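To keep things clear, I will list the structure first and then write my remarks on it.
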Amino acid sequence: MLNDITVFDFETSGLDPVNNRIIEMAAIRAIDGKIVSGFHTLIEFEGTLDPKITELTGINDFMLRGAMNEALAFKILRNLMGDSLLVAHNAAFDLQFLHHGLQRLAGKTFTNSFLDTLTISRERHTYPHKLTDMCDRYGIVLEGAHRALNDVEGCWQLLKAMHSEKLVDDWVNRLGYLSKFGPPAWAPKHAKVFGTANRYEPRNAG
């Protein structure tokens, strides 16, 4: 299943997938370990971005004026994804925006299998687990975090590093959640949802 994957990432106007919108998306499709296609775009946004979003991402209102419209961006993304395995770091966040966006624009959701590198990180490594932290752990250079294309490249490199350690094969469709947030209500039927936690000591600690 890992021989055909799409690594993707969204930057958004906020945390609520119903009332907020994707403002940047990026994805790469890889078959047998080789990148065969990719997509990256800013997305037109009606309204004014929260200054905290601009501070985090570097994306401002001016950059989104005249950007690609949401419907076209989703169409291109879905065509690129096809039936591939979807991979993201903190997939619960990105998949919920994918789910709600597809429901709103096309009246349906995704059925792809998925893999969350954050869930693996929480189960196999000690805290912290942000993409930047995990890239540092594996010696991966990630510049310009919180921009979609940079985060996709970082996640792709992290996935390859984890795969070389045989950490990923058993985690397809497994989605961990922190107890303070509760299980995601939108999760697809094929998701195996379970409670997880940030680990501060190795599993083999005495």
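Please treat every number below as a calculation from the coordinates, not as lab data. It should be emphasised that the depicted structure is a prediction, and the values quoted were computed from it without experimental measurement. With ideal geometry, Cβ positions are generated from the backbone for all residues, glycine too; neighbour counts draw on all protein chains shown.
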Review point. Amide H neighbours of Val193 under 5 Å, counting only residues 5+ apart in sequence or on other chains, H built in-plane at 1.01 Å?
Key: Leu175
Point to revise | All Cα pairs of segment 4-196, percent lying beyond 22 Å | key: 45
Check your understanding: Mind checking which lysines have their C-alpha under 25 Å from Lys192, skipping anything on the same chain fewer than 8 residues away?
Key -> Lys108, Lys130, Lys160, Lys166, Lys180
Exercise for review: Return one number: the angle in degrees, 0 to 90 and rounded to the nearest 10, between the long axis of the Cα atoms of helix 148-164 and the longest principal axis of the Cα atoms of the chain.
Suggested key: 20
Revision key, fill the gap. The answer for Gly38, listing residues at least 5 apart or on another chain whose modeled amide H is closer than 5 Å to its amide H, is Arg29
Check your understanding: Could the peptides 164-176, 21-33 be put in order, highest first, of the mean number of other beta-carbon atoms found within 10 Å of their residues?
Key -> 21-33, 164-176
Exercise for review: Take the Cα pairs of segment 95-202, get the Kirkwood Rh, then feed it into Stokes-Einstein at 37 °C and 0.692 mPa s and tell me D in µm²/s.
Suggested key: 218
Practice item. Taking amide H positions as placed in the peptide plane 1.01 Å from N, state which residues far from Leu86 in sequence (5 or more) or on other chains have amide H under 5 Å from it. Key: Thr6, Ser113, Phe114, Leu115
Review point. How large is ³J(HN,Hα) for each residue in segment 62-72, as worked out from phi by the Karplus curve 6.51 cos²θ - 1.76 cosθ + 1.60 (θ = phi - 60°), to whole Hz, x for Gly and Pro?
Key: 4, 5, 8, 5, x, 6, 4, 6, 4, 4, 5
Point to revise | Rel. contact order, % - alpha carbon contacts under 8 angstrom, at least six apart, the chain | key: 20
Practice item. Work out how much length Glu55 to Arg78 would gain on full extension: take 0.36 nm times their residue separation and subtract the Cα-Cα distance, in nm to one decimal. Key: 5.4 nm
